[in-house]
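Let me begin by presenting the structure, written as structure tokens, before commenting on it.
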Amino acid sequence: MIRDTQVLVCIAISILFCSGVSADTKPLIKSGDRVVFLGGTFVERMQNYGHVEAEISSRVSGVTFRNLGWSGDNVWGESRAVFGTVSQGFERLQRDMTLAQPSVIIVSYGANEAHAGNAGLSRFVLGYQTLLDALKLHEASVILVTPRYYENLGPPLPDPGGYNAKLKLYIDAIDSLATEQNLPVIHLSKPESSGQAGVKHELRPKSWRVLPAHSGLTNNGIHLTSQGYQVLARQIADDLKLPKSIFSVSGMQGTNVNISDYIALPDSIRFVMTPTRIVSLDMSGHGNDEVKANLVHLRFDGLRPGKYAIYIDDTKLARVTANQLKIGVALPSSFQHATAKRAYELTAAKNMMFFHRHRPQNETYLFLFRKHEQGNNAVEVPQFDPIIDGFENNIQSIQNSTSYRVEIRRS
């Protein structure tokens, strides 16, 4: 056996990930929370990608999510009214919130309302205040998210400067509301930013109909791409004060990682590693260096001098020396890619099931003025609940029980 052999497995914390996150700051989300996202288009489209949920889950385990986003919605619940009145839309918002059973509510409004400019500001503030008062009935923590400035992608798209100037008024109003009610705020646009800066274009358009490739986070200045959501997911997790998890192992003792079948010999070490989180990987295909950087660190002290190969699940990831292992070597987290991809797929499926649960198709026939035709089928809508729970259980199972065989042997 190797004397005083120590293994350290950790997820590296980059400066970007930890910006603004202090070790002595209490996280705004804890294990066991049900996080409900509420807002307009930004929130509804979030569920198509799953990056925000994945990033939060990579930092704190045992969290479940529900997405109550509704494209074009505002603080009055106007889009949720469907064929009814605005007040009925607001009532529906409350019913859907009760259905979601939140312990944490993340609210993102203001982008749609800002088009009214200064003339609509006081009405917006009053509406947001009314919404926040109504959310208190759910006895959940409330976190506000300010909308993003539109990106200036250049021709053929218009300059968003006029809208961004209006939006700043609404961002400032949200900040004031948060201060008055002692609520935390996540700024997706920095308060001091004008939001006017353009982005780098890689290609010139062949005609005015074609938007050139660019380095921005949206595909049209407004709607985020998959990469855009992933970039903001890390910022959101940081602002929620969720530091990147550190996984450490010393012998058969682990922190945030379970170790089993541990065998140490003078020229090899083998064990099974079960992380309690899934590393958040780049699923957008844009090759984000911060995400794909070396994330797993191994350190051993006491191995016989020589060269060693590191294998995870029989895949050779690195060839190093005993001295390098003593100092510590970094490995890519690519071995978790398949697991992370599966979790993303299940998250998207779960979100779609919940979407149909609280916004079923043909609801005019199920619940509204044509329910006399197919209203008997309304009893099937709650049958989505066990399906949603099943997806969620599978996601949690993947997060908590995916194991990897690690072997470091002399080569």
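Coordinate-derived values only; no laboratory data. Just so it is clear, the model here is predicted, and its values are computed rather than measured. Neighbour counts run over all protein chains shown; Cβ positions are idealised from the backbone, glycine included.
Amide H contacts for residue 218 (H built 1.01 Å from N in the peptide plane; partners 5 or more residues away or on another chain; cut-off under 5 Å): 225. Would you mind pulling out the separation of the Cα centroids of region 143-164 and region 228-248, in Å? For region 143-164 versus region 228-248, the Cα centre distance is 24 Å. Summarising the amide proton neighbourhood of residue 297: residues at separation of 5 or more, or on other chains, whose placed amide H is nearer than 5 Å comprise 10, 12, 331. Panel order for 380, 55, by other beta carbons found within 10 Å of each beta carbon, from fewest to most: 380, 55. In this structure, the amide hydrogen of residue 254, modeled 1.01 Å from its nitrogen in the peptide plane, lies closer than 5 angstrom to those of 259, counting only residues at least 5 positions away or on a different chain.
Panel order for 329, 406, by other beta carbons found within 10 Å of each beta carbon, from fewest to most: 329, 406. Between residue 48 and residue 86, the FRET efficiency estimated from the beta carbon spacing at R0 = 35 angstrom works out to 0.85.
With neighbours defined as other Cβ atoms within 10 Å of a residue's Cβ, the residues 143, 259 order from fewest to most as 259, 143.
Positive-end ranking of 179, 199, 214 along the dipole of region 22-239, with charges on Cβ about the Cα centre, is headed by 214. Each residue of region 214-223 was assigned a 3J(HN,Hα) from its phi angle through the Karplus curve 6.51 cos²θ - 1.76 cosθ + 1.60 (θ = phi - 60°); the sequence is 8, 9, x, 9, 10, 9, 8, x, 10, 8 Hz, with glycine and proline shown as x. Diffusion coefficient (Stokes-Einstein, Kirkwood radius over C-alpha pairs, 10 °C, 1.306 mPa s) for region 22-239: 87 µm²/s, rounded to a whole number.
Stretched out straight at 0.36 nm per residue, the stretch from residue 256 to residue 313 would grow longer than its current Cα-Cα span by 18.5 nm.
Separation of region 68-121 from region 300-353 is 43 Å, based on Cα centroids. Using θ = phi - 60° in the Karplus curve 6.51 cos²θ - 1.76 cosθ + 1.60, the 3J(HN,Hα) couplings for region 264-276 round to 10, 10, x, 10, 6, 9, 9, 6, 9, 10, 10, x, 8 Hz; x is entered for Gly and Pro.
Pairs spanning more than 22 Å between alpha-carbon atoms, out of 166/190; 307/341; 136/168; 26/244; 26/341: 307/341; 136/168; 26/341.
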